[in-house]
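K.L.:
Here it is, the structure, as C-alpha cells.
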Amino acid sequence: MIAVADIEAAAANLETAGAREVLRWGIESFGSRLAIATSFQAEGMVIVDIAAELAPEVRVFTLDTGRLPAETYQMMEEVHRRYGIRVETVFPDSAEVESMTSRHGANLFYESVANRALCCRVRKVRPLERKLGTLDAWASGLRRGQQQSRGRARKVEIDAGHGSIVKLNPLADWPAQQVEDYIRERQVPRHPLYAAGYTSIGCQPCTRPTRPGEDPRAGRWWWEQQAAKECGIHFSPEGNVERQADVLLEELLD
Ligand code: SF4
C-alpha cells in the first residue's frame, strides 16, 4: 500500500504529465490492484489502448447494468479480439434489482427523477462501490471538458467517495478533438452507436442519438430537462432528488 504522502507527491508531479505517464505510474504502483473502468465510449477506449500497450495484462472492468445495448456487448468482444483482454463484468445485486422492479416496474426511470436516480444507484453506483472495494486504484476516461461537474478533476486523486483509493484521470486535460485524433491515428475500436448519431452512450432505454448542435449529453435521460445528468459515479448531486432516491433505496433494502 502506498503512503498518502507519496500519492500526493505523485499527484503533484503528474498533473502536467501525459496520459501514458500517468497510466504507467498507476500500473507500476498498483499492478493487479488497479483496474480500468470503461463503458466503451471513445475516452474509455483510448485509456484501454494506452494501458494495453504498457501492460497487456492490465485489468479492465465494465458495469453490466442489465439494460445495455447489444452494441456494447460487441465492444466487449472487440476488446478481447484486439487486445486479448477479457473484460470483467460487474453486475448489480439481483435481489436489489428484483425488489426495485417488483415495486416500481421495469421502466421506473421514466416515472420520476428520483426513480431514475434509484435505478442508477442499484444498477451502477452500488455495483461500482462493491468493485472498487476490491481495488487500490482505478482509472477512467473522464475529461474536464465533458461537464461542469468534472471541471476540477485531477489526473491523480484520492477518491474519498470510494474508500480513499486512488483514482486516475489520465485524459483529464484532453479536449474532445485529441480523443478523436488518437482514435483515428491508432485505429482504436469505436462503439458502433457513434455511427448511428449517438454522442454519449449508456443504457439502451436511457440514451438516444443527438441532433447537430445539441449538447453531447443531451441524449442521456433526455426526458429530464432540469435535473443534473449524472448517474452518481463521478458526481453525486446534493438535494431533493438524491434524498428521495435515498428513501426509495432504503425501502428496497429493508
Ligand atoms: Fe437505470 Fe437508465 Fe440509469 Fe441504466 S441509465 S441504470 S437503465 S436509470
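K.L.:
State all residues of segment 1-37 that are of a type in the set (D, E, K, R) and more than 21 Å from Gly141 (Cβ to Cβ); if no residue qualifies, say none. Explain how you work it out, then say what you get.
P.N.:
Step one: filter segment 1-37 for residues of a type in the set (D, E, K, R), giving 6, 8, 15, 20-21, 24, 28, 33.
Asp6, Glu8, listed by residue number.
K.L.:
I'd like to check something: does segment 63-73 contain any residue that is under 20 Å from the mean Cα position of the chain (by Cα) and farther than 23 Å from Trp221 by Cβ?
P.N.:
Scanning segment 63-73 turns up no residue that is under 20 Å from the mean Cα position of the chain (by Cα) and farther than 23 Å from Trp221 by Cβ.
K.L.:
Taking segment 71-109 only, how many residues are small (Gly, Ala, Ser), touching a residue at least 12 places away in the same chain (Cβ under 8 Å) and either within 15 Å of the ligand (Cβ to nearest atom) or touching a Lys or Arg at 6+ places or on another chain (Cβ under 9 Å) (or both)?
P.N.:
Taking segment 71-109 first, the residues small (Gly, Ala, Ser) are 84, 94-95, 99, 102, 105-106.
If we keep only those that are touching a residue at least 12 places away in the same chain (Cβ under 8 Å) too, we end up with 84, 99.
Those left that are additionally either within 15 Å of the ligand (Cβ to nearest atom) or touching a Lys or Arg at 6+ places or on another chain (Cβ under 9 Å) (or both): 99.
The number of residues fulfilling the criteria is 1.
K.L.:
Ile158 fails exactly one of the following numbered conditions: (1) over 28 Å from Leu14 (Cβ atoms); (2) in contact (Cβ under 8 Å) with a residue 60 or more places away in the chain. What is the number of that condition?
P.N.:
Failed condition: (1).
K.L.:
Now a separate question. Considering only segment 48-63, how many residues are open to solvent by 10 Å² or more (accessible area, probe 1.4 Å) and of a type in the set (Asp, Glu)?
P.N.:
2
K.L.:
Something else: Any chance segment 28-47 includes a residue that's open to solvent by 40 Å² or more (accessible area, probe 1.4 Å), under 20 Å from Tyr182 (Cα atoms), under 18 Å from the mean Cα position of the chain (by Cα) and not charged (D, E, K, R)?
P.N.:
There is at least one residue in segment 28-47 that is open to solvent by 40 Å² or more (accessible area, probe 1.4 Å), under 20 Å from Tyr182 (Cα atoms), under 18 Å from the mean Cα position of the chain (by Cα) and not charged (D, E, K, R).
K.L.:
Any residue in segment 232-239 that is in a loop (DSSP other than H, G, I, E, B), at pLDDT below 90 and of a type in the set (Phe, Trp, Tyr)? Please lay out each step first, then the result.
P.N.:
Residues of segment 232-239 that are in a loop (DSSP other than H, G, I, E, B), as a first pass: 232-239.
Going one step further and asking which of them are at pLDDT below 90, we end up with 232-239.
Cutting the leftovers down to of a type in the set (Phe, Trp, Tyr) gives us 235.
There is at least one residue in segment 232-239 that is in a loop (DSSP other than H, G, I, E, B), at pLDDT below 90 and of a type in the set (Phe, Trp, Tyr).
K.L.:
Answer yes or no as to whether Val97 is buried (at least 18 other Cβ atoms within 10 Å of the Cβ) and closer than 30 Å to Leu253 by Cα. Reasoning before the result, please.
P.N.:
Working: buried (at least 18 other Cβ atoms within 10 Å of the Cβ): yes; closer than 30 Å to Leu253 by Cα: yes.
Taking the combined requirement at face value, the residue satisfies it.
K.L.:
Against the conditions (1) more than 23 Å from His162 (Cβ to Cβ); (2) crowded, with 18+ Cβ neighbours inside 10 Å; (3) modelled with pLDDT under 90, where does Ala228 fall short? Just the number, please.
P.N.:
Going through (1) more than 23 Å from His162 (Cβ to Cβ); (2) crowded, with 18+ Cβ neighbours inside 10 Å; (3) modelled with pLDDT under 90 one by one, Ala228 breaks only (1).
K.L.:
Taking Ala218 and the conditions (1) within 16 Å of the ligand (Cβ to nearest atom); (2) touching a helix residue (DSSP H, G or I) at 6+ places or on another chain (Cβ under 7 Å), which numbered condition does it fall short on, given that it satisfies the others?
P.N.:
Ala218 satisfies every listed condition except (2).
The values are calculated or read from the model by the stated rules, or taken from the named source; none is laboratory data. From a predicted model like this one, the values you see are computed outputs, not experimental measurements. In this analysis, Cβ positions are derived from the backbone assuming ideal geometry, glycine residues included, and neighbour counts consider all displayed protein chains. Protein only, heavy atoms only, side chains kept; ligands, DNA and RNA dropped before computing areas. Shrake-Rupley method; radii C 1.70, N 1.55, O 1.52, S 1.80 Å.
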